[in-house]
Amino acid sequence: MASHQYPHGDDLGKHLSDLFGTVELAAELGYDSVWTINHFQSNLNTPQPISMTASLIPRSGNMLIGTGILLLPMFHPVHIAEEFATLDHLSGGRVILGVGAGYRENEFAAFGIDPETRFRRLDESLRLIRALWGGEPVTTDGEFYPQKDATIGIRPLTPGGPPIWIGAGGKKAVRRAARLGDAWYAPGNSPSRRFLPEHLAVYNDALTEYGRDTSRISRPVGVELYCAPTTERAVEEALPHARVEYSTYAEYPALRWQRDRFDELVRNTLLLGSPEFLIERISALRDLGFDHLIFRPGWLGMPTEQVRASLRLFASEVFPAFRQ
């Protein structure tokens, strides 16, 4: 997770240069994917995901490049269909469109969007994007984005368009991911140990209900991870930075629980530890059925060399436990 968000007032050019170097290192080490983020009017300096995704293409080797996640209700689906068809060509077919409905009240207010409509907008947008990627003229009397004989100026390189991964936390939203997406991008930071098993059951049942081919479904989960020679050292080096970042998120009403329940997050979800500890925790996720681990490797204020040291150690000591 290329977590490109920084305190206002910092040298953004320096931060981005460090980030690009870290992505290049990850490609050299054999990581599989890199992900950009999306927020508007943020309390952190946050470059936008389409530009960031394009900037990572020449720096990412053979890695997949995805948005993790793009706030789809804030965009017009024709715009996204055209942009990601373009990115699909620029990347040689390596791009993934990761989307979600959003949760921050100030973002909906900035775009004049009633947050009550966000799931209907997401649903309609996804249907329209897929139809436009199909190449045939599209006519729809949609609630938000009606079209008449519409086509896009550039068809995607990938037949049918890039994969679409849908971030979702509620059970209804997880069912939507099963119905409309190529994957449910599962949030691995719930303090409840029951969250992932219960929501995976909902997702699996919905896949069966909708007749989806489960052999073609990716199963990603997003976590926070830091690797050091010992678990004690990992916690000592990473926890203060993770606490600062989560306290920043908690300034938004929808995420205030993360400040109040941070200790639960540390115990149940933050993967800060030795290679042996991480192998055990990631094995548990694999046993649940997940096959793609996406993680933020560093947090606000963490020195770049610490982030890179963690990535190196994880690649050398943890990769072999999960790769043939």
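Side notes on the structure shown:
- Under 18 Å from the Arg212 label point (7 Å along Cα→beta-carbon), backbone N, the range 101-144: 101-102, 119-120, 122-131
- Counted as membrane-span-like here are DSSP H helices of the chain whose alpha-carbon atoms extend 18 Å or more along the helix's own axis and whose Kyte-Doolittle mean is 0.0 or above; these are 12-29, 77-90, 195-209, 275-288.
- Extension gain from Glu276 to Glu105, taking 0.36 nm per residue of separation minus the Cα-Cα distance: 57.5 nm
- Cα gyration tensor shape for the range 72-213, rounded if a/c is under 1.5, else prolate or oblate: prolate
- Stretching Lys171 away from Leu29 to a fully extended chain increases their span by 47.5 nm, per 0.36 nm per residue minus the current alpha-carbon distance.
- For the chain, share of DSSP beta bridges that run antiparallel, in % to the nearest 5: 10
- Loop-located chymotrypsin sites (Phe, Trp or Tyr not before Pro) across the range 68-123 with a Cβ neighbour count of 16 or fewer within 10 Å are Tyr103, with loop assigned by DSSP.
- Spatial separation of Cα centroids for the range 134-172 and the range 63-97, in angstrom: 11
- Highest-fluctuation residue, Arg243, Arg193, Arg312 considered, GNM on the chain with Cα pairs under 10 Å: Arg193
- Computed over the alpha carbons of the chain, Rg followed by Dmax gives 19.3, 61 Å.
- Excluding same-chain neighbours fewer than eight residues apart, no lysines are reachable from Lys148 by a Cα-Cα span under 17 Å.
- Residue order by solvent-accessible surface for Tyr203, Tyr31 is Tyr31, Tyr203, largest first, with ligands and nucleic acids left out and a 1.4 Å probe.
- The range 72-108 residues near the modelled Phe144 label - backbone nitrogen below 18 Å, point 7 Å along Cα→Cβ: 72-84, 97-108
- Sequence-distant contacts, meaning Cα pairs under 8 Å at least 6 residues apart, place the relative contact order of the chain at 15 percent.
- Element breakdown for the chain at a 1.4 angstrom probe: carbon and sulfur atoms account for 51% of the accessible area.
The values are calculated or read from the model by the stated rules, or taken from the named source; none is laboratory data. Every value quoted in this text rests on a predicted model; they were computed, and no experiment measured them. Ideal geometry is used to build each Cβ from the backbone, glycine not excepted, and the neighbour counts take in all protein chains shown. SASA here: full protein model, heavy atoms, side chains in, ligands and nucleic acids out. Shrake-Rupley method; radii C 1.70, N 1.55, O 1.52, S 1.80 Å.
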